[in-house]
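Trainee: Handing you a structure now.
The values are calculated or read from the model by the stated rules, or taken from the named source; none is laboratory data. In this text, all values refer to a predicted model and were calculated from it rather than measured experimentally. FYI the Cβ positions are ideal-geometry reconstructions off the backbone, even for glycines, and counts take in every protein chain you see.
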Amino acid sequence: MGKQAIRTAIKADLNTPAWEQPQLHNRWHPDIPFSAKVAQGEVVKVETLDWTGGQVGNNDSADDIKYCDLSRIHYLSGPIEVEGAKAGDVLVVEIQDVQPRAEQPWGYCAIFDKNNGGGFLDDHYPESAKAIWDFEGIFCSSRHIPGVRFPGLIHPGIMGCKPSKELLDVWNKREAELVAYHHSIGTERTVANLPNPSYAFAGAGDETVIEAVKKEGARTIPPREHGGNCDIKNLSRGSKSYFPVYVDGAGLSIGDLHFSQGDGEISFCGAIEMAGVITIKCEVIKNGMKDMKMKNPMYIPGPVEPHFGPSRYLTFEGLSVDEHGKQHYLDVNIAYKQACLQFIEYFKKFGYSGEQLYILLSCAPVQGHLAAIVDIPNACTTLGVPVDIFDFECLPKEGGFKKIIESNCALTSGN
Ligand code: ZN
């Protein structure tokens with residue numbers, strides 16, 4: 001038998017409001033109805049909107065980021081019913097291709113306001129800023145960050161199966177306990193986003209489903225044991241992901257496609273966010289959860305990646321001593337932050353603003369690694385930046401560097 005034509009299992013219209021498209025949803029809940037069905041081994045295309053459902057425009061102002069409504073995100077395509085998948089199985093998702101939408105060959109990367117989403121460096125860069133990236137085949141460049149061009153490693157930020165009601169209850173309980181604890185000790189930061197009825201969207205769900213999803217639908221921001229917003233840049237073409245299946249039919253949802261992202265996705269809207277189309281093939285390993293003692297997803301990266309050569313990374317080291325000189329005990333979070341801040345200070349010498357570099361570090365193909373987490377009291381992380389993404393020489397040299405960059409990224413009005 002010859003090969004079948006590839007069917008588009010889910011369409012997502014760029015010109016219709018996201019919340020009017022019943023094949024999409026923006027919360028995790030077992031009762032959200034399946035919006036498509038695939039056979040095992042069938043290759044299908046799935047169209048997606050960008051994570052915000054079109055709230056961000058191709059313009060030179062970061063106001064749309066500053067006022068972005070985060071109760072609406074993420075708009076996901078699905079849930080897809082996989083024929084024959086049963087609770088306890090493992091779903092294998094092979095990504096055959098990921099592309100931007102032909103109608104929209106651009107994306108954006110941005111810094112969220114400290115009071116609306118924030119990001120890894122929001123104590124240092126609390127205000128919104130944005131960069132638009134134009135796609136040119138596999139490459140991208142930005143009028144808001146001159147002097148840089150690199151190939152994308154296109155991937156979905158979010159893939160995951162429907163949670164069971166039991167698992168959803170576990171998530172909601174443990175996250176509510178975390179929020180309550182931080183409330184009790186006076187933490188000002190938002191430490192988790194609990195279910196929120198505002199703009200909760202249950203796809204084709206009826207009134208009863210909508211009510212349940214408003215009340216208890218898990219937000220899509222964190223990755224959890226079903227997958228979700230893992231933001232792993234290597235889940236690109238040719239990769240295989242293994243997800244625990246909690247309900248019959250699996251209920252795979254996909255969204256938040258990225259043209260490129262650095263390890264850590266540090267500015268939160270930190271990848272080059274785009275609307276796109278992904279080609280997938282689903283298969284099932286019967287009883288895989290028990291046989292492989294699976295708790296969290298696993299994956300095999302694809303064989304196609306941008307290639308910079310091992311000696312073409314300028315690698316910044318970070319230790320668990322914070323910017324005030326305080327010693328912390330093996331704190332990897334603080335160590336990675338120090339590596340990021342050192343990259344920013346180094347490249348500011350070429351004339352870039354801190355915001356431009358914060359954005360660049362989020363979305364360029366940088367590699368974050370754990371070097372050591374045993375040498376008390378300091379954790380040691382590394383941040384490798386491929387120097388060939390810059391169209392100028394940037395390796396360390398005597399005499400320092402000349403200022404060559406003179407323009408900034410998009411800022412908010414009044415800045
Ligand atoms: Zn994203």
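Trainee: So the check is Cβ under 7 Å with 6+ separation or different chains; which pairs have a first residue in the stretch 165-179 that's touching a residue at least 40 places away in the same chain (Cβ under 8 Å) and a second one that's in a helix (DSSP H, G or I)?
Mentor: LEU168/GLU216; ASN172/GLU216
Trainee: Under 8 Å between Cβ atoms, which residue pairs at least 6 apart in sequence (or on different chains) link something in the stretch 8-33 that is free of Cβ contacts under 8 Å to residues at least 60 places away in the same chain with a partner that is in a loop (DSSP other than H, G, I, E, B) and polar (S, T, N, Q)?
Mentor: That search, which allows pairs on different chains as well, returns LYS11/GLN23; ASP13/GLN21.
Trainee: Which one of these is assigned by TED's automatic domain parsing to the domain that holds GLN23, within 16 Å of the ligand (Cβ to nearest atom), at pLDDT 95 or above and β-branched (Val, Ile, Thr): ILE280, ILE210, ILE221?
Mentor: ILE221
Trainee: Please go through the stretch 219-243 and pick out each residue that is acidic (Asp, Glu) and farther than 21 Å from ARG72 by Cβ.
Mentor: GLU225
Trainee: When you check LYS45 against the structure, is it closer than 24 Å to LYS3 by Cβ and surrounded by fewer than 19 Cβ atoms within 10 Å (Cβ to Cβ), yes or no?
Mentor: Against the criterion (closer than 24 Å to LYS3 by Cβ and surrounded by fewer than 19 Cβ atoms within 10 Å (Cβ to Cβ)), LYS45 qualifies.
Trainee: Which condition does ASP97 not pass, out of (1) more than 14 Å from the ligand (Cβ to nearest atom); (2) assigned to a loop (DSSP other than H, G, I, E, B); (3) not small (Gly, Ala, Ser), if it passes all the others?
Mentor: With respect to (1) more than 14 Å from the ligand (Cβ to nearest atom); (2) assigned to a loop (DSSP other than H, G, I, E, B); (3) not small (Gly, Ala, Ser), ASP97 is out only on (2).
Trainee: Considering only the stretch 10-29, state which residues are crowded, with 19+ Cβ neighbours inside 10 Å and assigned to a loop (DSSP other than H, G, I, E, B).
Mentor: ALA12, GLN21, GLN23, ASN26, ARG27, HIS29
Trainee: Which one of these is among the β-branched types (Val, Ile, Thr), within 16 Å of the ligand (Cβ to nearest atom) and in the same structural domain as LEU257 (by TED's automatic domain parsing): ILE111, ILE145, ILE138?
Mentor: When all the criteria are applied, what remains is ILE111.
Trainee: Enumerate the pairs (first residue in the stretch 371-392 and more than 28 Å from TYR329 (Cβ to Cβ); second residue anywhere and assigned to a loop (DSSP other than H, G, I, E, B) and among the small types (Gly, Ala, Ser)) with beta-carbon separation below 6 Å, excluding pairs fewer than 6 apart on the same chain, so at least 6 apart or on different chains.
Mentor: ILE389/ALA364
Trainee: Which condition number in (1) within 16 Å of the ligand (Cβ to nearest atom); (2) touching a helix residue (DSSP H, G or I) at 6+ places or on another chain (Cβ under 9 Å) is the one that THR315 fails?
Mentor: (1)
Trainee: Also, I was wondering about something else. Which of the residues that make up the stretch 228-240 are surrounded by fewer than 24 Cβ atoms within 10 Å (Cβ to Cβ) and either within 16 Å of the ligand (Cβ to nearest atom) or of a type in the set (Ser, Thr, Tyr) (or both)?
Mentor: ASN229, CYS230, ASP231, ILE232, ASN234, SER236, SER239
Trainee: Here is a follow-up. Are any residues in the stretch 244-263 within 15 Å of GLY157 (Cβ to Cβ) and buried (at least 22 other Cβ atoms within 10 Å of the Cβ), and if so, which ones?
Mentor: LEU252, SER253, ILE254, GLY255, ASP256, LEU257, HIS258, PHE259, SER260, GLN261, GLY262
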